[in-house]
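The values are calculated or read from the model by the stated rules, or taken from the named source; none is laboratory data. Treat the numbers as computed from the prediction; the structure is a model and nothing was measured. A quick note on method: Cβ atoms are made from the backbone with ideal geometry, for glycine too, and the neighbour counts reach across all protein chains shown. Please note that ligands, DNA and RNA were not included when accessible areas were found on the heavy atoms of the full protein model with its side chains. Shrake-Rupley method; radii C 1.70, N 1.55, O 1.52, S 1.80 Å.
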Amino acid sequence: MKLATKVSVTLVGVLLLAVLSSAAALLSARHIGRLMQDMVEENLSSVRAAEELEIALLEQRGFVSSYMVDGGNRAWLEELNRRKPAFRRWLDRARETAHTPEEHEIVSRIAKVYQDYDARRDEAIALYERGDVEKARTVLLRDMNALYDRAYALCEDFIAANERFIESRIADGRRQIQRNTLTVGVCVSLTIGLSLGLLYLFFRGVLLPLRKMAEDARAFAANDARPARPESPEDELRAVGFYLRALMSDVAETRSSLKRSQDQLMNAEKLASVGKLAASVAHEIRNPLTSLKMRLFSIRKEIGGDPQYEDDFRVVSEEITRLESIIRNFLEFSRPPELKLRAHDVSALIDKTLELVGHRLEERDVDLVREDGLRLPRVIADSEQIKQVFINLIGNAVEAVEEGGQVRVSTALEVDGGDRWTVVVRVRDSGPGIPEAIRDRIFEPFFSTKEDGTGLGLCIAARIVARHNGRLELESASAGETTFAVRIPAVREGGA
Ligand SMILES: Nc1ncnc2c1ncn2[C@@H]1O[C@H](COP(=O)(O)OP(=O)(O)OP(=O)(O)O)[C@@H](O)[C@H]1O
Ligand SMILES: [Mg+2]
């Protein structure tokens, strides 16, 4: 089962049980309350009826004997008659409030015995009034007293039965309370158990894996050179977030370097296949070109510097030179020469390059600006190859600007990749810039927008710089400020 399902099911269970236990507790409290109220109401009236019945019987006692002793004073009988209804009233009440068959039985027996007692009392009074005093006294002392004692004993029985009934009701109530308490207790225990289970699931399923992830990410970051530390390593979520961001930035970096490698690989493949063809073609052209040059030289010598043909000679000679440079490019491209590495001052290499291309700048009336930063450390380089890089970049810049435009060559020392000192040479021109659509393609071999361009200049330059462990980048391509930057690692102080 998925963790989310487990957690949801347990959570719903806990909620249901919590609701159930609250409802059970509430119902039980209400039930117990009602039970108590019923018990009090029911039993209070029955207890009262039983007690009052006994009192009413007691209050009737002694009037007949007082009547006789007082010489037939009827005031006693009147008083007796005033008290009699109270007994009847309480007897009715006792019948109403009797709960059990036993109590009903006792009440009917009380009524019966009382009836006999009343009849005997009337008989005694009648005998006394007829003058049969002796007989009246016998009835009073023998029959009436016995019946009174029976009625009284029955009243006591009634009270005892009543008490027994109340006790049984109280025991029922207790049992009910125990049952309710048990139900609520079970519900509460289950809620606590499930809550603990939920806590355990959360700990095992969420917190522990999170902590593990944070530790793994921390270990991963520790292998990395960068100082990666979260603000609060104790907080797993924040730590994971922190390392995840670090990982994502690593992945993005890796992806872009992969893309660069892919591009380079594609270019390399293109280079390899086209390079072979180029080399053989260049080889074939080179020999006829050399004999063409020789012939031109001997014809010129024969004609003897006739000004009429001088201009034609110059044009043919320039075209031959251009063809030679194209062939050189092709050959260099197909078979990159071995690097002859030595420590060089980059500014001096730039000066030498400018000596070579100076006439082209002058021809096109291009303004050249040099901007040298502080004294630069030297670089390990093949001077001829690096000069070739600068020639290609400055050549492109001169071709891009209008007449009267400007080319600026500047140098700087910058930190690259966190801790590497790098000498940076920037070639910037005031030309039209490079359209967005072709920016990705300018380093491809044979890509050119020029009629007579081979499209090899930037490709060769980039490869030379890469062989020097550096990078050639297009830093800006907007009109008026197209900038290419050559980055070559600087020689460490006291190193190389
Ligand atoms: N400074 C620049 N300003 C504008 N576009 C440029 C600049 N440098 C290069 N490009 C563009 O990049 C393309 C490729 O340049 P690259 O030097 O490789 O070849 P090319 O100059 O066309 O030919 P080649 O250098 O072989 O004579 C150019 O054709 C041009 O469109
Ligand atoms: Mg070029």
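What residue, of ALA437, ALA412, ALA400, is of a type in the set (A, V, I, L, M, F, W, C) and either within 23 Å of ARG322 (Cβ to Cβ) or touching a Ser or Thr at 6+ places or on another chain (Cβ under 7 Å) (or both)?
On the way: ALA437 fails: either within 23 Å of ARG322 (Cβ to Cβ) or touching a Ser or Thr at 6+ places or on another chain (Cβ under 7 Å) (or both); ALA412 fails: either within 23 Å of ARG322 (Cβ to Cβ) or touching a Ser or Thr at 6+ places or on another chain (Cβ under 7 Å) (or both).
On inspection, the qualifying residue turns out to be ALA400.
Could you please give the count of residues in region 426-449 that are at positive phi and either among the hydrophobic types (A, V, I, L, M, F, W, C) or in a strand (DSSP E or B) (or both)?
Step one: filter region 426-449 for residues at positive phi, giving 433, 446.
Those still in the list that are either among the hydrophobic types (A, V, I, L, M, F, W, C) or in a strand (DSSP E or B) (or both) too: 446.
Within region 426-449, residues that are at positive phi and either among the hydrophobic types (A, V, I, L, M, F, W, C) or in a strand (DSSP E or B) (or both) number 1.
Would you pick out the residues in region 106-145 that are surrounded by 14 or more Cβ atoms within 10 Å (Cβ to Cβ) and of a type in the set (A, V, I, L, M)?
ILE106, VAL107, ILE110, ALA111, VAL113, ALA124, ILE125, LEU127, ALA136, VAL139, LEU140, MET144
Taking region 440-496, which residues are of a type in the set (Lys, Arg) and in contact with an Asp or Glu (Cβ under 9 Å, 6 or more places away or on another chain)?
Answer for region 440-496, where residues must be of a type in the set (Lys, Arg) and in contact with an Asp or Glu (Cβ under 9 Å, 6 or more places away or on another chain): LYS450, ARG467, ARG471, ARG487.
Which of the residues that make up region 452-473 are among the hydrophobic types (A, V, I, L, M, F, W, C) and either surrounded by 16 or more Cβ atoms within 10 Å (Cβ to Cβ) or within 12 Å of ligand 2 (Cβ to nearest atom) (or both)?
Applying the first criterion (among the hydrophobic types (A, V, I, L, M, F, W, C)) to region 452-473 yields 456, 458-462, 464-466, 472.
Passing the criteria: LEU456, LEU458, CYS459, ILE460, ALA461, ALA462, ILE464, VAL465, LEU472.
Does ASN180 meet the test of being in the same structural domain as GLU41 (by TED's automatic domain parsing), at pLDDT 85 or above and among the polar types (S, T, N, Q)? It would help to see each step written out before you state the result.
On the way: in the same structural domain as GLU41 (by TED's automatic domain parsing): yes; at pLDDT 85 or above: no; among the polar types (S, T, N, Q): yes.
No.
Would you tally the residues in region 474-488 being open to solvent by 40 Å² or more (accessible area, probe 1.4 Å) and outside any loop (DSSP other than H, G, I, E, B)?
So the answer is 2.
Determine the pairs where a residue that is modelled with pLDDT under 80, located within region 278-304, has a partner that is not in a helix (DSSP H, G or I) with Cβ atoms under 7 Å apart, the partner being 6 or more residues away or on another chain.
Filtered contacts from region 278-304: ALA279/ARG335.
For region 315-413, list the strands (runs of 3 or more DSSP E) that sit wholly inside it and hold at least 3 residues that are surrounded by fewer than 16 Cβ atoms within 10 Å (Cβ to Cβ) and within 14 Å of ligand 1 (Cβ to nearest atom); which are they? Spell out the reasoning first.
On the way: elements: 342-344, 367-371, 379-381.
By residue number, no strands (runs of 3 or more DSSP E) qualify.
Looking only at region 453-465, which residues are without any contact (Cβ under 8 Å) to a residue 40 or more places away in the chain and either part of a helix (DSSP H, G or I) or more than 6 Å from ligand 1 (Cβ to nearest atom) (or both)? Write out each step before concluding.
If we filter region 453-465 for residues that are without any contact (Cβ under 8 Å) to a residue 40 or more places away in the chain, which is where we start, we get 453, 455, 462.
Residue satisfying the conditions is ALA462 alone.
Return only the number of the condition from (1) touching a residue at least 24 places away in the same chain (Cβ under 8 Å); (2) basic (Lys, Arg); (3) over 30 Å from PHE443 (Cα atoms) that ARG335 does not satisfy.
All conditions are met except number (3).
Would you say PHE447 is within 13 Å of ligand 1 (Cβ to nearest atom), surrounded by 13 or more Cβ atoms within 10 Å (Cβ to Cβ), free of Cβ contacts under 8 Å to residues at least 60 places away in the same chain and closer than 29 Å to ALA282 by Cα?
Numbers: within 13 Å of ligand 1 (Cβ to nearest atom): yes; surrounded by 13 or more Cβ atoms within 10 Å (Cβ to Cβ): yes; free of Cβ contacts under 8 Å to residues at least 60 places away in the same chain: yes; closer than 29 Å to ALA282 by Cα: yes.
Judged against the criteria, PHE447 is a match.
What about SER108, is it modelled with pLDDT of 90 or more and more than 24 Å from PHE63 (Cβ to Cβ)? Quick ask: steps written out before the conclusion?
Working: modelled with pLDDT of 90 or more: yes; more than 24 Å from PHE63 (Cβ to Cβ): yes.
In short, yes.
Which of the following residues is of a type outside the set (Lys, Arg) and touching a Lys or Arg at 6+ places or on another chain (Cβ under 8 Å): VAL401, VAL415?
Residue meeting the stated conditions: VAL401.
Hey, ASP429 hits all of (1) more than 16 Å from ligand 2 (Cβ to nearest atom); (2) in contact (Cβ under 8 Å) with a residue 24 or more places away in the chain; (3) among the acidic types (Asp, Glu) but one; which does it fall short on?
(1)
Does ARG286 meet the test of being under 20 Å from ARG328 (Cβ atoms) and either surrounded by 12 or more Cβ atoms within 10 Å (Cβ to Cβ) or of a type in the set (Ser, Thr, Tyr) (or both)? Can you show your working first?
Working: under 20 Å from ARG328 (Cβ atoms): yes; either surrounded by 12 or more Cβ atoms within 10 Å (Cβ to Cβ) or of a type in the set (Ser, Thr, Tyr) (or both): yes.
Yes.
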